[in-house]
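Asker: Here it is: the structure, laid out below.
The values are calculated or read from the model by the stated rules, or taken from the named source; none is laboratory data. These figures come from a predicted structure and were not determined experimentally. With ideal geometry, Cβ positions are generated from the backbone for all residues, glycine too; neighbour counts draw on all protein chains shown.
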Amino acid sequence: MKIFDYLQKYDYEQVVFCQDETSGLKAIIAIHDTTLGPALGGTRMWTYASEEDAIIDALRLARGMTYKAAAAGLNLGGGKTVIIGDPKKDKSEELFRAFGRFIQGLNGRYITAEDVGTTVADMDLIHMETDFVTGVSPAFGSSGNPSPVTAYGVYKGMKAAAKLQYGTDDLSGKVVAVQGVGNVAYNLCKHLHEEGAHLIVTDINQDNVNRAVEDFGAKAVGVNEIFSVDCDIFAPCALGAIINDDTIPLLKARVIAGAANNQLKEERHGDIIHEKGIIYAPDYVINAGGLINVADELQGYNRERALKKVDTIYDSILKVYEISERDGVPSYVAADRMAEERIARVAKSRNKFLLNPKSALSR
């Protein structure tokens, strides 16, 4: 991998390699863009097949966070950390505290949070060495479990998508097929049930399915049946790459709006569903509630304020489709443009104030 070519191609600002021999820490912090503010992104701990795989994952995820924060209207940039190691056996207080010192050394350019393979307890250990961490225990000012807030944002985004397709955001009587009924999707189902939507659910975990059936009167189907059921809205809330060559021909829904990340297997699948007239709510726009929630911790967490900001996901989905119609592009492209346009506007407005006087005088 020619790392500097990659960094230049996608406009990355900084990559930090962190190692601590005593604790065994091997971590990569990727900072993509800080035009809007400090880079915020979680710490992922995983057993990567190679160091190159870890670097690529950190870079890819950091760039995604830039777009997610920008689209959500947050004054934050995008970053991500990966720690190379087995989260089941390689964790220790020394490792996370060493990592916290590396974060502290960046002096606020990067703020971390929980991610795959890390927990609130791990964030508390990082917090022993730095204040540039979110998602810590409530005793330290955390917002707690982000799943209900993420679900609320998906619900609001789904209503906006329904309005675009059906002319109304009223979901009563609508049939919603929910793929995966974990913590976020369960809370999403609660909102939908309370509004009067009819639910069809599936999950590889039968207990999750049973809970949705019992609590919300949902209809259960097999994991491979969910794509072809008669429904108005398909809500992917489990695996990524679920919109693909195999599933698209099966879909009867006219709206795709769910919590899962990276729903399109390839960009061309976004082109295909656009050509079919399916309204697709881009995943990083509709599922930004969790990010908005933890970002509020940076101001001293206020749940009412955070939820008010999450409400704007509704408007963001509508804005995506304004750009889609304006430029004649699929929604996934329009979402990127919405984020890029905001970053460009802010960068332009700040240029005159960021000029270094000493540099100017030396010319």
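Asker: Looking at region 81-136 only, could you name the residues that are touching a His at 6+ places or on another chain (Cβ under 8 Å) and either modelled with pLDDT under 95 or not small (G, A, S) (or both)?
Answerer: V133, V136
Asker: Test L307 against the criterion of being in the same structural domain as F234 (by TED's automatic domain parsing) and modelled with pLDDT under 95, and give yes or no.
Answerer: no
Asker: Follow-up. Given the criteria of a type outside the set (A, V, I, L, M, F, W, C) and surrounded by 19 or more Cβ atoms within 10 Å (Cβ to Cβ), does D203 qualify?
Answerer: yes
Asker: Assigned by TED's automatic domain parsing to the domain that holds G290, free of Cβ contacts under 8 Å to residues at least 60 places away in the same chain and under 30 Å from L95 (Cβ atoms) - does that describe any residue in region 147-167?
Answerer: no
Asker: Turning to a different aspect of this structure: Would you be able to tell me the number of residues in region 52-98 that are more than 14 Å from A30 (Cα to Cα), in a helix (DSSP H, G or I) and not small (G, A, S)?
Answerer: So the answer is 7.
Asker: Go through A241, A235 for me and flag whichever is in the same structural domain as Y284 (by TED's automatic domain parsing), of a type in the set (G, A, S) and crowded, with 21+ Cβ neighbours inside 10 Å.
Answerer: A235
Asker: Find the residue count for region 1-55, including only residues that are of a type outside the set (G, A, S) and buried (at least 16 other Cβ atoms within 10 Å of the Cβ). It would help to see each step written out before you state the result.
Answerer: Filtering region 1-55 down to residues of a type outside the set (G, A, S) leaves 1-22, 25-26, 28-29, 31-36, 38, 40, 43-48, 51-53, 55.
Then keep just the ones that are buried (at least 16 other Cβ atoms within 10 Å of the Cβ); that gives 7, 12-16, 18, 20, 25-26, 28-29, 31-36, 38, 40, 43-46, 48, 55.
Residues that pass the stated criteria total 26.
Asker: Within region 168-222, work out how many residues are in a loop (DSSP other than H, G, I, E, B) and within 12 Å of D232 (Cβ to Cβ).
Answerer: Residues flagged as in a loop (DSSP other than H, G, I, E, B) and within 12 Å of D232 (Cβ to Cβ) within region 168-222 amount to 7.
Asker: Please work out which residue is surrounded by the fewest Cβ atoms within 10 Å (Cβ to Cβ), limiting yourself to region 244-255 and to residues that are without any contact (Cβ under 8 Å) to a residue 60 or more places away in the chain and of a type in the set (V, I, T). If you could, list the steps in order and put the result at the bottom.
Answerer: Kept after step one, since they are without any contact (Cβ under 8 Å) to a residue 60 or more places away in the chain, are these residues of region 244-255: 244-252.
Cutting the leftovers down to of a type in the set (V, I, T) gives us 247-248.
Numbers: T247: 19, I248: 16.
Restricting to residues being without any contact (Cβ under 8 Å) to a residue 60 or more places away in the chain and of a type in the set (V, I, T), the top hit is I248.
Asker: Please tell me if A151 is touching a strand residue (DSSP E or B) at 6+ places or on another chain (Cβ under 6 Å), assigned to a helix (DSSP H, G or I) and buried (at least 19 other Cβ atoms within 10 Å of the Cβ).
Answerer: Taking the combined requirement at face value, the residue does not satisfy it.
Asker: Can you name every residue in region 157-213 that is polar (S, T, N, Q) and under 19 Å from A281 (Cα atoms)?
Answerer: Step one: list which residues in region 157-213 are polar (S, T, N, Q), which gives 165, 168, 172, 179, 183, 187, 202, 205-206, 208, 210.
Passing the criteria: Q165, T168, Q179, N187.
Asker: Now a separate question. So which residues in region 99-127 are of a type in the set (S, T, N, Q) and either touching a Leu at 6+ places or on another chain (Cβ under 6 Å) or part of a strand (DSSP E or B) (or both), if there are any at all? Give the steps one after another, and end with the answer.
Answerer: Of the residues in region 99-127, the ones of a type in the set (S, T, N, Q) are 104, 107, 112, 118-119.
Of everything in region 99-127, just one residue is of a type in the set (S, T, N, Q) and either touching a Leu at 6+ places or on another chain (Cβ under 6 Å) or part of a strand (DSSP E or B) (or both), namely T112.
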